[in-house]
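The next block holds one structure in the form of structure tokens; read it before the comments.
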Amino acid sequence: MTVEATTSGIPRIGDKAPDFTATTTQGDINFSEWQGDSWVVLFSHPADFTPVCTTELSEFARRQDEFSERGVKLIGLSVDSIHSHLAWVRNINERLNVKIKYPLIADLNTAVAQKYGLIHPNASATATVRAVFVIDPAKVVRALIYYPLSTGRNIDEILRLVDALQATDGHKISTPVNWHPGEKVIVPAPRTEAQIEANLKAGNEVLDFYLIKKSI
């Protein structure tokens, strides 16, 4: 089955991630070529030189190795100029002693923001909301999270989300509430009587025929 991007609005789970070319703090890129066969966390921030955004960018940078260990590339975006991005990156390095090693997309004409549904007029007509897109190596949107302008993101949760998606792909399972790596996962719900019987005999933790946990 061919997966296509939506023609307008916010890309949905299961859509092909919209491709684009852009200027970034690490040079001009074509997004799909830059991604290669990696996972990507693409995140937007409302504006450069703002306090909440500064805490987020610096924390992504501090924890970039944790994403890299999972085969994930980070890339940020706002509708600021490349000159503003470069000055902000230097400011963060000077003030917080944090080096931003991932690229920031300069999207002054909002071309990328429009493709990803990042401008919500009722929140702000001139700034992108805080959004996170998790994109898999097949370039498909696997998860998205939107935050209001006033609320900073939780990097632990974004890492947990990536872990859950990768575990699902690797083991064909689901993950329960608050799951973290090393904890039991959920056996997919049965679709036939034969699957019910097979699941019950598999030696896993049975809470009911439709709710079975196992270790991976």
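Only one residue in A113, A123 is farther than 18 Å from I158 by Cα, aliphatic (A, V, I, L, M) and in contact with a strand residue (DSSP E or B) (Cβ under 8 Å, 6 or more places away or on another chain), so which one is that?
Checking each option against the conditions leaves just A113.
If you scan segment 154-192, which residues turn out to be surrounded by 16 or more Cβ atoms within 10 Å (Cβ to Cβ), assigned by TED's automatic domain parsing to the domain that holds V206 and not β-branched (V, I, T)?
Result: W179, K184, P190.
Which of the residues spanning segment 66-93 are in contact (Cβ under 8 Å) with a residue 40 or more places away in the chain and buried (at least 19 other Cβ atoms within 10 Å of the Cβ)?
F67, V72, I75, L77, S78, V79, H85, W88, V89
Among the residues of segment 37-65 satisfying the criterion of being in contact with a Ser or Thr (Cβ under 9 Å, 6 or more places away or on another chain) and part of a helix (DSSP H, G or I), which is surrounded by the most Cβ atoms within 10 Å (Cβ to Cβ)?
C53
Is it true that some residue in segment 102-112 is closer than 18 Å to S84 by Cβ, among the aliphatic types (A, V, I, L, M) and part of a loop (DSSP other than H, G, I, E, B)?
Yes, there is a match, as at least one residue in segment 102-112 is closer than 18 Å to S84 by Cβ, among the aliphatic types (A, V, I, L, M) and part of a loop (DSSP other than H, G, I, E, B).
Yes/no matrix, rows are residues, columns are (1) touching a strand residue (DSSP E or B) at 6+ places or on another chain (Cβ under 7 Å); (2) assigned to a strand (DSSP E or B); (3) free of Cβ contacts under 8 Å to residues at least 12 places away in the same chain:
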position: G117; (1), (2), (3): no, no, no
position: A143; (1), (2), (3): yes, yes, no
position: S150; (1), (2), (3): no, no, no
position: R160; (1), (2), (3): no, no, no
position: D163; (1), (2), (3): no, no, no
position: V177; (1), (2), (3): no, no, yes
position: G182; (1), (2), (3): no, no, yes
position: P188; (1), (2), (3): yes, no, no
position: I212; (1), (2), (3): yes, yes, no
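In this structure, is V134 buried (at least 17 other Cβ atoms within 10 Å of the Cβ), in contact (Cβ under 8 Å) with a residue 40 or more places away in the chain, assigned to a helix (DSSP H, G or I) and assigned by TED's automatic domain parsing to the domain that holds T54?
no
For segment 14-36, enumerate the residues that are closer than 13 Å to L77 by Cα and outside any strand (DSSP E or B).
Of everything in segment 14-36, those that are closer than 13 Å to L77 by Cα and outside any strand (DSSP E or B) turn out to be F20, T25, Q26, F31.
The values are calculated or read from the model by the stated rules, or taken from the named source; none is laboratory data. Just so it is clear, the structure is predicted and the values come from calculations on it, not from any experiment. We place every Cβ from the backbone using ideal geometry, glycine too, and count neighbours over all the protein chains shown.
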